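> For reference, the structure I am asking about is given below.
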Amino acid sequence: MILYFASTNPGKLAEFRHAAQSCGVVVETVPQIGSLPPCLEDGLTFEANARKKALHYSRHADGLVFADDSGLCVAALSGAPGIYSARFAGPSATDQDNNRKLLHEIKGAETPVGRCGPRSAPASRSAHYICVIALAEGDRILTTVEGRADGIILEMPRGAGGFGYDPLFFFPQLNKTFAELDPEEKFRVSHRGEAFRKLLEYLKQV
């Protein structure tokens, strides 16, 4: 089975491809996606944007197309950056730009630290990742699924893996940031991994 992914994000593509291999599913980008008119992501929720992208790009592919919209929600910022996670520091922001802005915005919030790292956090540094995946074929949405991962925003980045806010996102159950996890480890516990497993389960039943 081939699933077409409606994104050019190399980090996301690598994660989905890696997870799909063990299930006999091939993940490819939508053909010639770089030359297609971009989808205007003006939805007010992760699900709205995921559905828009899946429908938009499914018109340019013969088969199943999935799109995800994901981001980081921080309690201290009333859920921001949320749907604006990728452009938190501006339309052309890099991951480093976004991480710097996040640290600046929550500067001063204290996190209790134990011998092995943060044990808990006040509401201000509590955070969660959300991922919503929409699956479409032609002009029709077939399903949407959602995944979530809860963690704590650190005061300094840790780890060289992952992408986005991963170096700042501490996952207490493993005592590591997402950037310190290997790809398989991360996908087992991440928001994107949870959502993608739900998508694969859906495909097994249809």
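The values are calculated or read from the model by the stated rules, or taken from the named source; none is laboratory data. This one's a predicted model, so the numbers in the text were calculated from it and none came from an experiment. Because the Cβ atoms are built from the backbone with ideal geometry, glycine has one as well, and the counts that use them run over all protein chains shown. Areas reflect the complete protein model, heavy atoms only, side chains present, ligands, DNA and RNA absent. Shrake-Rupley method; radii C 1.70, N 1.55, O 1.52, S 1.80 Å.
> Only helices (runs of 4 or more DSSP H) wholly contained in segment 1-111 count here; list those with 3 or more residues that are under 23 Å from LEU199 (Cα atoms) and of a type in the set (Ser, Thr, Tyr).
In segment 1-111, no matching helices (runs of 4 or more DSSP H) lie anywhere.
> In addition: Considering only segment 62-76, state which residues are over 20 Å from GLY162 (Cβ atoms) and surrounded by fewer than 24 Cβ atoms within 10 Å (Cβ to Cβ).
Listed by number, the residues that qualify are ASP62, GLY63, LEU64, ALA75, ALA76.
> Among (1) open to solvent by 20 Å² or more (accessible area, probe 1.4 Å); (2) more than 11 Å from ALA134 (Cα to Cα), there is one condition LEU55 misses while meeting the rest; what is its number?
Every condition holds for LEU55 apart from (2).
> Got a number for residues in segment 167-206 being closer than 17 Å to TYR129 by Cα and outside any helix (DSSP H, G or I)?
So the count comes out to 11.
> Which of the residues that make up segment 9-49 are touching a strand residue (DSSP E or B) at 6+ places or on another chain (Cβ under 7 Å) and either under 18 Å from ASP62 (Cα atoms) or without any contact (Cβ under 8 Å) to a residue 24 or more places away in the chain (or both)?
Residues satisfying the conditions are LEU13, ARG17, VAL25, VAL26, VAL27, GLU28, THR29, VAL30.
> Which one is surrounded by the most Cβ atoms within 10 Å (Cβ to Cβ), of the residues in segment 150-173 that are touching a residue at least 40 places away in the same chain (Cβ under 8 Å) and closer than 19 Å to ALA14 by Cα?
TYR165
> Of all residues in segment 174-188, how many are surrounded by fewer than 22 Cβ atoms within 10 Å (Cβ to Cβ) and at pLDDT 95 or above?
The total comes to 6.
> List, please: which pairs have Cβ atoms under 6 Å, are six or more places apart or on different chains, and start with a residue in segment 177-206 that is small (Gly, Ala, Ser) and end with one that is surrounded by 20 or more Cβ atoms within 10 Å (Cβ to Cβ)?
Pairs found: ALA179/GLY162; ALA179/ASP166; ALA179/PRO167; SER190/ALA149; ALA195/CYS131; ALA195/ILE133; ALA195/VAL145; ALA195/GLY147.
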